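Asks: What follows is a single structure, and I will ask about it in a moment.
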Amino acid sequence: IKELHSDHQVTRLVTGDILDIGEGFMDRASENTGVELVRPLWNLPRTQVLDLLAALRIEYIVTLTHLEKIPQAVSNKLLGKPITREYLLEQFDWYDAEYATDVRNSVDWAGEYGEMHSMVVDCPMFSCRVVHSGSQTAVQVTPYGSYCYLVPDAINMLPKD
């Protein structure tokens, strides 16, 4: 973060953090760097976060899921796809009906407890849209759990018209 400030004159780092899951990690990481930590979603209810993303035309995709929290069948439907509140809940409801589970109520819809990670691919402030090709996924087993992640063939930045 300090290099972002010194090399690129970055003065603010905006995160999608909603909760302090990392016991102050981001505060410590940005301390004494000259970069202000900005968290516009801090402590907001998940429904409000998802509604804000839609209202602000912020498009994002899921790039990684924790398989102990989000089953493989749901992960396959989320990874690399544009996510909306409706699409996310539709996938959770489909799985719950199919397998008599309760993913909808056991998963943080924003992934704040490590259920999933996401990436913004487009928003009004971007001069380019991030586009990936390919929808291949891979599973990695670590001492911390099993993860399914997107393995794109390519990632490109496409200028907006």
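The values are calculated or read from the model by the stated rules, or taken from the named source; none is laboratory data. Here the structure is a predicted model, which is why all the values come from computation and not from measurement. So basically every Cβ, Gly included, is an ideal-geometry build from the backbone, and we count neighbours across all protein chains shown. Note: accessible area is taken over every heavy atom of the protein model, side chains too, but ligands, DNA and RNA are not part of it. Shrake-Rupley method; radii C 1.70, N 1.55, O 1.52, S 1.80 Å.
Asks: Using the Cα centre of region 55-113 as the reference point, and only Cβ charges (+1 on K/R, -1 on D/E), how large is the resulting charge dipole? Debye, rounded to the nearest 20. Intermediate values should be presented prior to the final figure.
Replies: Values: 6 positive and 10 negative charges, 48 e Å.
In total the dipole reaches around 240 debye.
Asks: From the helices alone, meaning DSSP H stretches of at least four residues, give me the mean residue ellipticity at 222 nm for the chain, per-run term -39500 (n - 2.57), in deg cm²/dmol to the nearest 500. All intermediate terms of the calculation are to be shown ahead of the outcome.
Replies: Numbers: 6 runs with 49 residues, N = 161.
Helix-only estimate at 222 nm: -8000 deg cm²/dmol.
Asks: Rolling a 1.4 angstrom probe over the protein heavy atoms, how many square angstrom per residue are accessible across region 1-85?
Replies: Per residue, region 1-85 has 59 Å² of solvent-accessible surface.
Asks: If you take every residue apart from Asp20 with its C-beta less than 12 Å away from the C-beta of Asp20, what net charge results, scoring Lys and Arg +1 and Asp and Glu -1?
Replies: Every neighbour counted, the sum reads -2.
Asks: Compute, for region 3-130, the length of the dipole vector about the Cα centre, with Cβ point charges of +1 (Lys, Arg) and -1 (Asp, Glu) only. Units Debye, rounded to 20.
Replies: The calculated dipole for region 3-130 is roughly 360 debye.
Asks: OK, next. Going Cα to Cα from Lys69, which aspartates and glutamates come in below 14 Å? Please leave out same-chain ones fewer than 8 positions away.
Replies: Partners found: Asp96, Asp102, Asp108, Glu112, Glu115.
Asks: Projecting each Cα onto the charge dipole of the chain (Lys/Arg +1, Asp/Glu -1 at the beta carbon, about the Cα centre), which of Ala138, Val10, Ala110 comes out farthest on the positive side?
Replies: The listed residue farthest towards the positive side: Val10.
Asks: With an 8 Å Cα cut-off and a minimum separation of 6 or more residues, compute the relative contact order for the chain in percent.
Replies: 22
Asks: In the chain, what percent of the accessible surface is made up of carbon and sulfur (1.4 Å probe, ligands and nucleic acids excluded)?
Replies: After summing per-atom areas, the C and S share lands at 54 percent.
Asks: Under a Cβ-Cβ cut-off of 13 Å, what is the net charge of the residues other than Arg129 that fall near it, where Lys and Arg count +1 and Asp and Glu count -1?
Replies: Numbers: positive: Arg57, Lys160; negative: Glu59, Asp122, Asp161.
With Lys, Arg at +1 and Asp, Glu at -1, the neighbours total -1.
Asks: Antiparallel as a % of all DSSP beta bridges within region 28-161, to the nearest 5?
Replies: 95
Asks: Any idea of Tyr147's accessible area? Nearest 10 Å², probe 1.4 Å.
Replies: For Tyr147, solvent-accessible area is about 50 Å².
Asks: Hey, another quick one. So which trypsin sites (Lys or Arg not before Pro) in region 54-161 pass both tests, a DSSP loop state and at most 11 other Cβ atoms within 10 Å of the Cβ?
Replies: Details: sites: Arg57, Lys69, Lys77, Arg85, Arg104, Arg129, Lys160; in loops: Arg57, Lys69, Lys160.
Listed in order of number, the matching sites are Arg57, Lys160.
Asks: Let me ask something else about it. Looking at the chain, what % of the alpha carbon pairs are farther apart than 23 Å?
Replies: Every Cα pair in the chain considered, those over 23 Å come to 47 percent.
Asks: To the nearest 10 square angstrom, what accessible area does Ser146 show with a 1.4 Å probe?
Replies: Approximately 20 Å² for this residue.
Asks: Here is a follow-up. Could you give the length gained by full extension between Gln9 and Ala97, i.e. 0.36 nm per residue of separation minus their alpha carbon distance, to one decimal place?
Replies: This chain segment gains 26.6 nm when fully extended.
Asks: Loop-only check: which GluC sites (Glu not before Pro) in region 16-58 are DSSP coil with at most 14 other Cβ within 10 angstrom?
Replies: Here the sparse-neighbourhood loop sites are Glu23, Glu31.
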